[in-house]
């Protein structure tokens with residue numbers, strides 16, 4: 001088969017979505033399939049064209065992923081001519097992928113990580129215009145007739161159904177991890193209670209609740225440390241985090257890390273008392289799955305797919321606000337963990353299910 005992936009971001013960008021598609025693309029190549037990627041050239045330090053582990057990558061010189069929706073359409077149509085099928089993901093790559101498929105009369109699949117619906121209107125860090133635009137764009141994508149909508153969890157599948165995607169067009173395939181990369185790693189929590197957040201600082205991630213709770217928690221536990229492993233994008237959220245640190249004089253209690261390679265990231269997570277995921281919604285949550293694979297205890301909102309994914313030592317927040325997070329952190333500080341049977345999401349199963357879909 002010749003498969004064209006149309007994606008907002010791809011390796012060397014690091015994220016759950018990128019890990020999924022890099023593993024999938026390279027596994028397909030190893031089985032004799034031809035794989036091409038159309039994505040953004042998000043940095044001038046990476047080439048417009050290259051081949052990585054047999055995967056052919058073409059990057060469009062657009063630094064903003066929103067421009068990708070507009071400028072990717074014509075290149076997508078050209079590349080789709082030689083493809084047997086097209087695979088894309090929500091959000092910004094979806095429209096050019098769908099157009100290219102219709103023009104070239106190809107099958108097209110979309111992996112949908114989350115369908116927020118009305119949640120757009122209650123998330124922080126966005127103005128009313130942004131909320132309406134994002135909601136409208138999501139509804140547009142949900143109305144497009146993709147051959148399959150791949151939900152990454154039962155929760156996401158239910159959200160797609162609530163947004164009136166036909167049931168026969170939905171297939172649930174969990175995201176997967178290669179658990180071999182976690183073998184032999186040991187948890188080494190520091191002497192001072194250290195709670196860590198890592199991942200994209202998006203509007204749905206509950207960082208507003210975290211930064212509201214931190215000053216009060218540190219007043220009660222002045223030796224506690226918060227590790228924030230985040231990027232500087234979106235810049236407005238990053239600036240508000242810095243403003244909170246300055247306002248409450250928390251520079252001695254909050255460590256900000258960015259741009260970590262995989263080994264350094266794992267070391268930073270293992271050197272934590274717990275990981276905090278206070279999200280308003282999660283379609284799957286690689287951060288939670290990786291935390292569990294590392295054996296690090298987890299404080300979480302218990303919303304969205306976190307109910308499915310979280311296992312091992314954990315403490316769910318009882319309410320999605322500062323009080324709920326403070327209560328959960330206090331339990332973590334006192335080692336009052338709950339325990340759920342461990343659950344794994346094997347990458348080999350994910351790849352098998354995608355290949356079965358393609359071949360069908």
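Values in this text are rule-based calculations from the coordinates and carry no lab data. This is a predicted model, so every value here is computed, not measured. FYI the Cβ positions are ideal-geometry reconstructions off the backbone, even for glycines, and counts take in every protein chain you see.
Structure notes:
- Put in line by how crowded their Cβ is, counting other Cβ atoms within 10 Å and starting with the fewest, 254, 292, 315 read 254, 315, 292.
- Residue exposure sequence - 81, 107 - by fewest surrounding Cβ within 10 Å: 81, 107
- Taking the chain and dividing mean pair separation by its residue count, relative contact order in percent (alpha carbons under 8 Å, at least six apart): 13
- Theoretical gain in end-to-end length, residue 331 to residue 84 [0.36 nm per residue, Cα-Cα removed]: 83.6 nm
- Using C-alpha pairs below 8 Å separated by at least 6 residues, the relative contact order for segment 83-162 is 35 percent.
- Cα gyration tensor shape for segment 180-340, rounded if a/c is under 1.5, else prolate or oblate: rounded
- Amide N of segment 166-208 lying under 19 Å from the label point, which is placed 7 angstrom from the Cα of residue 319 along Cα→Cβ: 206-208
- Taking 0.36 nm per residue of sequence separation and removing the Cα-Cα distance, the residue 251/residue 185 pair yields an extension gain of 20.8 nm.
- Take every DSSP beta bridge whose two residues both sit in segment 180-340; close to 15 percent of them are antiparallel.
- Peptides 271-281, 197-207 ordered by average Cβ neighbours within 10 Å, highest first: 271-281, 197-207
- Rounded, prolate or oblate (a/c below 1.5 giving rounded, otherwise prolate when a/b exceeds b/c) for the chain by Cα gyration tensor: prolate
- Length gained on full extension, residue 49 to residue 121, computed as 0.36 nm times the residue gap minus the Cα-Cα distance: 22.0 nm.
- Residues 138, 50 in ascending order of nearby Cβ atoms (within 10 Å, fewest first): 50, 138.
- Rounded tilt (10° steps) of 235-247 against the dominant C-alpha axis of the chain: 0
- Shape call, segment 104-181: gyration tensor on alpha carbons, a/c limit 1.5: oblate
- Computed E for residue 143/residue 103 - FRET, C-beta separation, R0 22 angstrom, nearest 0.05: 0.75
- Annotation: peptides 156-164, 90-98, ranked by per-residue average of other Cβ atoms within 10 Å with the highest first, follow the order 90-98, 156-164.
- With each label modelled as a point 7 angstrom along the Cα→C-beta vector, the residue 235-residue 349 pair spans 4.3 nm.
- Distance from the C-alpha centroid of segment 62-114 to that of segment 234-284: 33 Å, rounded to the whole angstrom.
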